[in-house]
Amino acid sequence: MITHIHGKLVEKNPTDVVIDCSGVGYKLNISLHTYSQIPDQESLKLYTHLQVREDAHTLYGFSSTSERELFRLLISVSGIGANTARTMLSSLTPKQIREGIAVEDVALIQSIKGIGIKTAQRVIIDLKDKILKIYDIDEVSVSQNNTNKDEALSALEVLGFNKKQAEKVLDKIVKEQPDANVETIIKLALKNL
């Protein structure tokens, strides 16, 4: 029903924001990931998900449509409510959650407060195929979190290289030299692209 809210940022907290939109203040529950993405400026646009329950209408705000889509996938799993999904998006980045599900990393999902082993397994079973299809993740190219690799990939994308191609080259470099710093990874990747 409400797909996004664009207005003046009135209040910003790690768990919620208030946006004034034409004189009406909307309180949106947010994840820590969204909180870290919100710039400290007056004008703000957040993508929303409206949850209607018998006792409450609750708005959840997201800095990107992909984070909102992941939230919606998470709450579709039996045993995962809106607050648990928000906790998941606060504990891990959307990318970490997607990759954790794609590589069936039960321990990663279970490391989130309030998620037991059965729920973690259910999240992976229910969402793995959807995650692989929606985000076009190649199972082989998903590697465990390597921030140097992520930064190098981001830099190569900015330079105009194809993401999938760059990712394959970076995976090979990281496998051969797991301790390499960002600059080294980028230099080696540029030689191979």
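Values computed for the structure shown
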item: At 0.890 mPa s and 25 °C, Stokes D of the range 1-59 from Kirkwood alpha-carbon radius, µm² per second; result: 209 µm²/s
item: Across Lys95/Lys191; Lys113/Lys191; Lys27/Lys168; Lys128/Lys149; Lys130/Lys168; Lys118/Lys163, pairs whose alpha-carbon gap is larger than 32 Å; result: Lys113/Lys191; Lys27/Lys168; Lys118/Lys163
item: Charged-residue dipole, Cβ positions (Lys, Arg, Asp, Glu), the chain about Cα centre, Debye nearest 20; result: 240 debye
item: Heavy-atom accessible surface of the range 38-193: percent carbon and sulfur, 1.4 Å; result: 48 percent
item: Helix 182-192 axis, angle to the chain major axis (alpha carbon atoms, nearest 10°); result: 60 degrees
item: Spacing of the two label points (7 Å from each Cα toward its C-beta) at His57 and His4, in nm; result: 2.2 nm
item: Degrees, to the nearest 10: 117-134 long Cα axis against longest axis of the chain; result: 70 degrees
item: The chain, helix-only ellipticity at 222 nm - DSSP H runs n ≥ 4, -39,500 (n - 2.57), divided by all residues, nearest 500; result: -15000 deg cm²/dmol
item: Selected from Ala152, Ala120, Ala102 as most flexible by GNM, with the chain as the system and alpha-carbon contacts under 10 Å; result: Ala152
item: Relative contact order [Cα under 8 Å, 6+ residues apart], the chain, whole percent; result: 12 percent
item: Per residue accessible area in Å² of the range 37-193, where ligands, DNA and RNA are left out and the probe is 1.4 Å; result: 56 Å²
item: Neighbour net charge for Leu73 - beta-carbon separation under 9 angstrom, K R +1, D E -1; result: 0
item: Three-way shape call for the chain based on the alpha-carbon gyration tensor, with the a/c threshold at 1.5; result: oblate
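The values are calculated or read from the model by the stated rules, or taken from the named source; none is laboratory data. Predicted model only: the values in this text are computed from it and were never measured. Heads up, the Cβs are rebuilt from the backbone with ideal geometry, glycines too, and the neighbour counts pull from every protein chain shown. When the accessible area is computed, the model is the full protein with side chains, heavy atoms only, and any ligands, DNA or RNA have been set aside. Shrake-Rupley method; radii C 1.70, N 1.55, O 1.52, S 1.80 Å.
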